[in-house]
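The values are calculated or read from the model by the stated rules, or taken from the named source; none is laboratory data. Since the structure is predicted, the reported quantities are computational estimates derived from the model, not experimental observations. Backbone-built Cβ (ideal geometry, glycine too); neighbour counts: all protein chains shown. Accessible surface areas use protein heavy atoms only, side chains included; no ligands, DNA or RNA. Shrake-Rupley method; radii C 1.70, N 1.55, O 1.52, S 1.80 Å.
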Amino acid sequence: MANILQINLDDLLHCRSVESARVEFKESWNPESTGPQVLRTICAFANDLQNLNGGYIVIGVGEEGGHAVLPPSGLAPEKVEAAQKWIRGNCQRLDPPYSPILSPETFGDRLILVVRVAASDMRPHRGPSADHKRGRYWVRLGAETVDAEQRGDMLRSLIEQTNRVPWDDRAARDAEVEDIREAKVREYLRDVRSGLLEESDHRAIYRRMRITARANGHEVPKNAGLLLFSADPTRWFRGATIEVVQFAADRAGDVQEEHVFRGGLADQLRDCLNHLENLSTSHLQKRPDRSQVRGWVSYPLPALRETLVNAAYHRGYDVDQPEPVKVYLYPGRVEVISYPGPVAGIEPSHLVAGAQMTPVPARNRRIGEFLKELGLAEGRLTGLPKVFRTMEENGSPPPSFDFDEERTYFRATLPAHPEYVALSTLRDAAHLRAVGETEEALRRIEAAWESNPASAVLASEMIRSYAGRDEIERAEDVLATCVKRGAAGAIPHVRNALIDLLVNTGEEDRARRLLQRRDGPVFGQDAIDTAILARRLREPEAAHRYFERAGEAVDGDPRALHEFAQTKMYLAGKVRMKRRSLNRRFLNEARSLLERVIQLDASPTRHAWAWRDLARTRNWLRLPLREVEDAYAKAMSLLPDERRFVEELAQLRRFRRR
């Protein structure tokens, strides 16, 4: 069976490279019930109200909760043949008629039918309605097919798009099919694992990918085909490059380096992202008695990637837009600028954290489809939240987005991680301390933090400096300022530094009150640090809560795993008499954690005490005495001079004998 789908079938069924709202699943085929539904959806996808390039209907696959039910139920061969015949015939009933791509496919050992409905150049289309009177203008609203006439201004918007083909789907009449590089097209098909790769006729591939079109009696490339698959798109589109400029200071500073990335759009994006990743600084801060380190990067790569790809995806490429995508690298931020500004309907209020993006029509429906299939672009309306989330998780200030009133440009600004601009200050302060100028070192840190209150490293260093001078109130003021003016992701680290100071100076009540505060989200290593401080303050419930909040960050940290297990052991003891089922759950979870500690690379002392705690846990679970003795034996072999191991084992044997 010939493969005619550009997309990989497994990716389609799992909605990996196409949004789930653009895929409709039908478990079975019945011309009386399924048929009219399919016809209305074909009409809606062809109308492509939001310029998403249509969608797919998969017949023979059920749907549950918005996901395909796999393995599919499938269709009998005669059902596939009947469905194709019915769909082809009834698509002539659309006004004007429309012909989708029908592709019988095999998934596992089941036969299914995929209906590919590309955006139509003849829209708007009308399709039959249930009342069998005049046709209706069906459109997609999210994952639903609805009547545009019943939805406010939808019909007007659809009519306005009549004969308005998006730029990337237009024919390039001044180019030839040979300007598309077959090698680039086949590389793309390999990357997306498309069955079209088996086709030997490259022109047939181009037609099925819809990157060529008939014009004046002969075939020519479409703009998207030239932009993605030609050797040099700037022959036709002057602004089709990405320009990266690195400045020594702000806008008035000297230019340190310039790079221009050319070639097919996907190649430009990959090369530019590799360049930016090499420039991004990573910082790893070693933690005492830990195999793990605290880390951050100057700019999180997922945020950089999403910002750059969005600029290339949503910009204009026609003759009125000769400017490239511009990436300006300053010491404290990255600016990504594209031209023109956003399409009508997007307002500044949509570009802040937590805002609901309005589903306006996309500027470039084909470019987005190609970039999503390559895994470069996110699904629709998910990119902006990802930028905000990854910046927050990195401890960076939030990004900002702006455009002018005339919408001539769009700018995304990613601030550098606060610590990136603070490291040089700490190096200077360390040198000053080394030569005995401690007061000058503190003044330098204070001045740097005053201009950069979001820096957790500077704030923590100030707290440590004030602790050495017994100025606890000033240290508390540092945290208060950080809460008021700093990034939310930096607060837990600074709060932990202050709690540690208070514990070390005997101010445990103040430390407990601080532990109970909720000044910001706590992730990963910060949650581990908070949990360990809670254990020092004899607050096991709080410690358990923060260990759980740390998530996967605990898994590779022997100390964190060990202390998490000891917390569970303590809580098991507290509920032993009242809640026996919870007691056993805590003990079994502690045993699992201790077994992981033993498998990790750690000091002999850490492993010895982990074996000892494992022995105690096995005993409390009433496991065979031999398993308990084996654990104690391992602990004694690692720390032979530790008398407590010997004494505990002897006491346990006497107890078991009784």
Task: Computed FRET value (nearest 0.05) for VAL646 with GLU393, which takes r as the C-beta separation and R₀ as 60 Å - done: 0.80
- [ ] Enter the accessible area of THR567 (Å², nearest 10), with the probe set to 1.4 Å and all protein chains included.
- [x] 0
- [ ] Note down the accessible area of TYR570, probe 1.4 Å, to the nearest 10 Å².
- [x] 130
Open item on the list: Using the Cα centre of the chain as origin and beta-carbon charges of +1 (Lys, Arg) and -1 (Asp, Glu), tell me which of LEU226, SER451, PRO322 is placed farthest towards the positive end of the dipole.
Closed with: SER451
Task: Between 0 and 90°, nearest 10: helix 604-620 axis offset from the chain longest Cα axis - done: 90
Task: Label-point separation in nm, ASP95 to GLU507, each point 7 Å along Cα→Cβ - done: 8.0
Open item on the list: As an exercise, use a Förster radius of 51 Å and the Cβ-Cβ distance of ASP555 and ALA204 to find the FRET efficiency, rounded to the nearest 0.05.
Closed with: 0.50
Task: lysines whose Cα lies under 29 Å from that of LYS372, excluding same-chain neighbours fewer than 8 positions away - done: LYS26, LYS184, LYS222, LYS326, LYS386
Task: Whole-percent pair-distance distribution, where bins are 10 Å wide, for the alpha carbons of the stretch 416-516 - done: 16, 49, 30, 5, 0
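Stokes-Einstein at 25 °C, 0.890 mPa s, Kirkwood radius from Cα pairs: D for the chain in µm² s⁻¹? Intermediate results must be reported in sequence, preceding the final value.
Values: Rh = 29.5 Å.
Answer, rounded: 83 µm²/s.
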Open item on the list: Using the basic label-point model (7 angstrom from Cα toward the beta carbon), what is the GLN150 to MET122 distance in nanometres?
Closed with: 2.7
- [ ] Could you work out, for the stretch 526-643, what percent of all Cα-Cα pairs fall into each 5 Å distance bin, beginning at 0 Å and stopping at the bin that holds the largest distance?
- [x] 2, 13, 21, 22, 21, 13, 6, 1
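So if R0 is 25 Å, what FRET efficiency would ARG464 and ARG538 give, r being the distance between their Cβ atoms, rounded to the nearest 0.05?
Numbers: r = 24 Å, r/R0 = 0.96.
For R0 = 25 Å, the calculated efficiency reads 0.55.
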Task: Calculated [θ] (222 nm, deg cm²/dmol) that DSSP helices of n ≥ 4 give over the chain, each run adding -39,500 (n - 2.57) - done: -14000 deg cm²/dmol
Task: Under 14 Å from the ARG407 label point (7 Å along Cα→beta-carbon), backbone N, the stretch 313-351 - done: 314-316, 339-350
Open item on the list: Below 8 Å between Cα atoms, with a sequence gap of 6+, how large is the relative contact order for the chain in percent?
Closed with: 8
- [ ] Over all directions, average the projected area of the Cα convex hull of the stretch 469-560 and note it in nm².
- [x] 5.9
- [ ] At a Cα cut-off below 19 Å, give the lysines reachable from LYS578, other chains included and same-chain residues fewer than 8 away excluded.
- [x] LYS568
Task: Column: log10 I(q)/I(0), Debye, Cα scatterers of the stretch 170-231, q = 0.12, 0.13, 0.22, 0.25 Å⁻¹ - done: -0.25, -0.30, -0.82, -1.03
Task: Gain upon complete extension [VAL435, ARG262; 0.36 nm per residue less C-alpha separation] - done: 57.2 nm
Task: Using alpha-carbon coordinates, inclination of helix 540-550 to the longest axis of the chain, degrees - done: 30
Task: Degrees, to the nearest 10: 472-485 long Cα axis against longest axis of the chain - done: 10
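Please work out how much length the chain gains when fully extended from HIS275 to LEU621, using 0.36 nm per residue of separation minus the C-alpha to C-alpha distance, in nm with one decimal.
Details: separation 346, 0.36 × 346 = 124.56 nm, distance 5.54 nm.
Difference between extended and current length: 119.0 nm.
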TODO: Take the alpha-carbon centre of the stretch 110-124, take the same for the stretch 423-478, and report the distance between them in whole Å.
DONE: 64
Task: Accessible surface, the chain, averaged per residue in Å² (probe 1.4 Å) - done: 46
TODO: Starting from the amide H of LYS222, placed 1.01 Å from N in the peptide plane, find each other amide H under 5 Å away whose residue is 5 or more places distant or on another chain.
DONE: ALA172, THR212, ALA213
Task: Inter-centroid distance (Cα atoms) of the stretch 533-605 relative to the stretch 621-658, Å - done: 21
